[in-house]
Amino acid sequence: MSKTGIFYASKGGVTEAFAKQIAEQLGADLHNMKDTGVEAIAPYDNVILMASSYFFGALQEDWGAKVKLLHTVDFAGKKVAIVGVGSQERHPDSFCSGSADFFDKLRFSGAQFVGDVCVCGYNFTFSRMQQGQRLLGLCLDKGDAKVQEKIEEWLKVVKPLFA
């Protein structure tokens with residue numbers, strides 16, 4: 001199995017809890033961006049970039065300026081999955097939008113994006129993560145009664161791709 005790293009930022013612990021759950025299922029290494037530089041991504045074949053969104057779709061602050069440094073890492077040939085965390089109820093007009101910054105910074109990097117999901121089963125009005133009827137990655141909401149089901153379905157798709 002290829003080496004997988006999860007790079008996350010979490011303020012209140014929700015994103016961290018989801019990151020730990022996904023890491024356990026994938027046998028992935030966990031990296032909190034509060035204490036990690038982007039150069040730590042380099043040795044991984046498979047990369048999961050995770051963050052919560054705040055206010056009107058801003059990326060969690062521990063990613064802050066680091067997201068602007070993603071171009072310094074060679075992503076050619078790497079498989080990259082994006083996971084956003086947000087609240088559909090409190091922020092239906094910007095649900096998980098901050099996580100789209102990952103895609104924006106890496107779309108011309110040579111990375112192979114994996115793990116997009118259908119917008120079906122979500123209840124929001126706008127997200128920068130949405131392209132047509134798909135989301136660029138998994139979007140999680142701790143208040144969603146089906147959040148565990150969404151994680152399991154996503155893992156069924158991503159796990160074989162990360163092999």
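Some values worked out for this structure:
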| quantity | calculated |
| --- | --- |
| For Leu140, residues with placed amide H under 5 Å, excluding near neighbours | Gly84, Val85, Gly86 |
| Unit charges on C-beta of K, R, D, E only; dipole of the range 37-163, Debye | 200 |
| Coil-residue chymotrypsin sites (Phe, Trp or Tyr not before Pro) of the range 91-149, DSSP, other Cβ within 10 Å capped at 15 | Phe108, Phe126 |
| Cα-projected label distance for Ser2 with Arg134, points at 7 Å along beta-carbon direction, nm | 1.7 |
| Theoretical FRET efficiency, 1/(1+(r/R0)^6), r = Cβ-Cβ of Val147 and Ala76, R0 41 Å, to 0.05 | 0.80 |
| 14 Å beta-carbon shell around Ser94, net charge (K/R +1, D/E -1) | -2 |
| The chain: calculated mean residue ellipticity at 222 nm from DSSP helix runs of at least 4, using -39500 (n - 2.57) | -6500 deg cm²/dmol |
| In the range 23-82, chymotrypsin sites (Phe, Trp or Tyr not before Pro) in a DSSP loop with at most 13 other beta-carbon atoms within 10 Å | Phe55, Phe56 |
| DSSP bridge pairs, the range 33-138: antiparallel proportion in percent, nearest 5 | 40 |
| Positive-end residue of Cys118, Phe95, Gly132, charge dipole of the range 4-161 with Cβ unit charges | Gly132 |
| Neighbour-limited loop hits for trypsin sites (Lys or Arg not before Pro), the range 80-109 (at most 16 other Cβ within 10 Å; DSSP other than H, G, I, E, B) | Arg90, Arg107 |
| Computed label-point distance, nm, for sites Lys66 and Ser109 using a 7 Å Cα→Cβ extension | 1.3 |
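Laboratory data are not the source of any read-out in this text; all were calculated from the coordinates shown. Only a predicted model underlies this, so the values are computations on that prediction, with no experimental measurement involved. Here the Cβ is made from the backbone with ideal geometry for all residues, glycine too, and neighbour counts use every protein chain on show.
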